[in-house]
Amino acid sequence: MVLTDIRSESKDSVAATLASWSQPGYRVAQLLEWLYPRRAASWDEMTNLPKALRERLASSYSLEIPTLVQRQGARDTTRKYLWRLSDGSLIESVLIPANPALYGEASDRHTLCISTQVGCAYGCRFCASGLDGWKRNLLPHEILGQVLAVERTVASEAKEVVDSSANTPASVSANAASQERVVNNIVVMGMGEPMANYDNLLTALRVLNAPWGGNIGARKITISTSGLVPQIRSLADDPIQFRLAISLHGATDEVRSKIMPVNRKYPLEELAAACQYYQDRKGRMLTFEFILIAGINDDLDQVAPLAELARRVHAKVNLIPYNTVEGLPWTRPSEEHCQRFARNLESEGVTTTLRLEKGHDIDAACGQLRLKTERELAGLSAGSN
Ligand code: SAH
Ligand code: SF4
């Protein structure tokens, strides 16, 4: 029998289970404390729960956290984590410091980019995540487990640093090793199309948002989608105030359909109507992501239709120079051209940022590290046969 992971359960459901086992009410808070602020990776760590209760929990739920396979990047820079899940699947998360610290001091605010699927079925031509197709949806605990696993990893690194310094007071050591908050913002922009895994995504994000769970404000959580219209409308109808980013990458159907097959199913007119619906319901600003790819979607004649769409749905635009993917022919335009594109868009009255993208050197674009590792592993096993 496959057990549900306890971190896929809501507080109410955990409380109902413990009550049905005649446990005193305070056990719920103790258990949640282990699951979230303390990010326990095993039942044995939960030392203030009676052994019999831990055994009963262990026979009723799984308790899994992604296992670190590889980490690229250093403290205070963009770091990329490759994780293995219990079925052997590989996924990745990217930790981006908000303000890279000066002089080696730790920067305290970070955004974590998380994955929602193993692979992706949407096949955008420029993206590494879809190159080997779609394998499966992540379960809620695998989505939110990336946050816990990163925080556990960072805390244990901090502990190693502190422990290796003989002069460090014990109180600093204890603090660094335990519950320090690392992730303040979440962007659902890793591998996979989050809206194609809608129910698991929302279950995970609700736990990350809950005061008893991740305690991360809904406004600090951004979902990025390639434009799944029915799910954009569902999210608009949900009272929770997550932020929404649309991967546009083309301002006319002709350009967009060439690089994003999803545009044939939900063309720009339908997508714009769904965005407008979202804006009407939420009253908040959307973001359009627009990667600039040389000779593909960076012609200045994209500016006017892009501005028109952005004004219509009250969106700001993030321009992102394309991050090259091994095995794909695409390249980024020159910096001058990106700046010209940005200036023209701004002069049309659109709030525009040209993102100085981080992590170019460590395959930070979604899906790249996993793809490389999967292919290396495939090469290895082919070679050993
Ligand atoms: N499937 C969702 C979320 C994951 S992709 C979506 O498409 O929105 C997150 C963002 O990374 C998207 O905007 C995607 O278009 C962008 N992206 C993919 N490959 C990229 C690359 N090589 N360089 C820069 N951005 C890329
Ligand atoms: Fe999938 Fe998003 Fe990559 Fe498109 S850009 S293939 S939807 S992960």
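Every number here is computed from the coordinates shown, using simple stated rules; none is lab data. Computed from a predicted structure; not experimentally measured. When we count neighbours, we look across all protein chains shown, and the Cβ atoms used for this are built from the backbone with ideal geometry, even at glycine.
Bridgeable aspartates and glutamates around K265 (alpha carbons under 20 Å apart, same-chain partners fewer than 8 residues away excluded): E193, D253, E254, E289.
Quick check on packing: order 52-59, 264-271 by the mean number of other C-beta atoms within 10 Å, highest mean leading.
The densest-packed peptide leads the list: 264-271, 52-59.
Assigning unit charges at the beta carbon (Lys, Arg +1; Asp, Glu -1) and nothing else, what dipole magnitude in debye, to the nearest 20, does the range 6-60 show about its Cα centre?
Numbers: 8 positive and 6 negative charges, 9 e Å.
Around 40 debye, computed over the range 6-60.
With the simple model of a label 7 Å out from the Cα in the direction of the Cβ, A58 to E346 spans 6.0 nm.
With a simple spin-label model that places each label point 7 Å from the Cα along the Cα-to-Cβ direction, the separation between R264 and Y277 comes to 2.4 nm.
Note on the range 208-359: with charges restricted to the Cβ of Lys and Arg (+1) and Asp and Glu (-1), its dipole about the Cα centre is near 600 debye. Cα-based values for the range 6-60, radius of gyration first and Dmax second, are 10.1, 25 Å.
Compute, for the range 239-293, the length of the dipole vector about the Cα centre, with Cβ point charges of +1 (Lys, Arg) and -1 (Asp, Glu) only. Units Debye, rounded to 20. All intermediate terms of the calculation are to be shown ahead of the outcome.
On the way: 8 positive and 6 negative charges, 45 e Å.
I would put it at about 220 debye.
Cross-link reach is defined here as a Cα-Cα straight distance under 21 Å, omitting same-chain residues fewer than 8 places apart; for K159 the lysines meeting it are K80.
Between A41 and M1, what's the calculated FRET efficiency when r is the beta-carbon distance and R0 is 25 Å? Round to 0.05. Intermediate values should be presented prior to the final figure.
On the way: r = 22 Å, r/R0 = 0.88.
Efficiency for this residue pair is about 0.70.
Remind me, relative contact order of the range 6-60 in percent, using alpha carbon pairs under 8 angstrom and six or more residues apart? Working shown, then result.
Values: 24 pairs, mean separation 12.9, N = 55.
It rounds to 23 percent for the range 6-60.
Listed by chain and number, the lysines whose C-alpha is less than 17 Å from the C-alpha of K282, apart from same-chain residues fewer than 8 away, are K220, K316.
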